[in-house]
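One structure is given below, encoded as structure tokens.
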Amino acid sequence: MSKLTVSLAGPDYDRTRALFDGRVQIKGCEIIPVAMSPEEAFHRAFRFQEFDITELSLSSYMNQVAKGVGHYVAIPVFPSRLFRHSSIYVRADRGIDRPEDLKGKIVGVPEYQMTAAVWVRGILQDEYGVRPEDVSWRNGGLEQPGREEKLKLELPAGVELKPIPVTETLSQHLDEGKIDALITALAPSCFKHNPLVRRLFPDYRATEEDYFRRTRIFPIMHVVGIRKRLIEQHPWLAVNTFMAYLEAKRLCYCDQEKIGHLFTTLPWPVEELERARTLMGEDFWSYGAKENANELDAITRYAFEQGLNERRLTPEALFVPSTLALAKV
């Protein structure tokens, strides 16, 4: 019996590398791996549906689910997670010393609906009382002019969002003081050379560790989506893909634990792994909806409260049902 041939797109992170180098296979499938940046994968998947299995922006995917559109359905695999206090950059000459000082300021963001920005706005409101309507928003390309929102937005009354000129970038605007702050997943180039550009949380690791201790939330950025048509034709594909990602992550942990020869180009990676597990638990990069109930509850609430989704989504709406009820031994 011939195998199903599927394309698989996304970065070859250490936790997914075994899928890209062939050590892990999706049972019943022949994988064509296509390694690329998340930004490219999102663009090609959402606009052109080029791949069978692909990394997707969680926020963009949720928006499509809420609207009842889209060509992909997700499994609860989260290849990208990141604490986001480090993603807020401010001008040092605008009196922004605390998160509360962002009220009344002009803040840039590459895309208002991008997952990192959804998390930051939610954290700012929950933790510091800064609501989206307290800020004047500007969107556009971070380093390349002309970036636009992937999805059409209908924001709540009172939220101001304006594009910067299509020939300019947000990094330029922060560098020149045309905006007061910037929320971005990537560090702006001006951060490297302009002493007036700094992080809102200089000691962001300590802030993020404290945030995790209190909330038990490790923010989810991306999910893995599978072409809906393939799931309809091959219902077994969802769980088999989920199990393959689990095995790839298990192998990653095994590599990171090796002390005789180091898997990561850092001097003390094993100690760093132990430090993360002491704070966050043995399987700190967990997959599964139940295992990530805190994170999913927060991000679905944020997307709803911020007016990005017209209804609040549940795990049952987001993920292939069979991946929510795996067999037990």
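The values are calculated or read from the model by the stated rules, or taken from the named source; none is laboratory data. The shown structure was predicted, so the numbers you read here are calculated from the model rather than taken from an experiment. Neighbour counts run over all protein chains shown; Cβ positions are idealised from the backbone, glycine included. In case anyone asks, the SASA skips ligands and DNA or RNA and just uses the protein heavy atoms, side chains included. Shrake-Rupley method; radii C 1.70, N 1.55, O 1.52, S 1.80 Å.
Please verify whether Asp255 is open to solvent by 50 Å² or more (accessible area, probe 1.4 Å) and of a type outside the set (Lys, Arg), treating the condition exactly as stated. Outline the logic, then answer.
Values: open to solvent by 50 Å² or more (accessible area, probe 1.4 Å): no; of a type outside the set (Lys, Arg): yes.
No.
Just for segment 99-110: of the residues that are touching a residue at least 60 places away in the same chain (Cβ under 8 Å) and part of a loop (DSSP other than H, G, I, E, B), which one is surrounded by the fewest Cβ atoms within 10 Å (Cβ to Cβ)? I'd like the intermediate steps shown before the answer.
So in segment 99-110, the residues touching a residue at least 60 places away in the same chain (Cβ under 8 Å) come out as 99, 102, 105-110.
From what is left, the residues that are part of a loop (DSSP other than H, G, I, E, B) are 105, 110.
On the way: Lys105: 18, Pro110: 25.
Among those that are touching a residue at least 60 places away in the same chain (Cβ under 8 Å) and part of a loop (DSSP other than H, G, I, E, B), it is Lys105.
Against the condition assigned to a helix (DSSP H, G or I) and either more than 26 Å from Tyr204 (Cβ to Cβ) or open to solvent by 30 Å² or more (accessible area, probe 1.4 Å) (or both), how does Asp126 come out, does it pass?
On the way: assigned to a helix (DSSP H, G or I): yes; either more than 26 Å from Tyr204 (Cβ to Cβ) or open to solvent by 30 Å² or more (accessible area, probe 1.4 Å) (or both): yes.
Judged against the criteria, Asp126 is a match.
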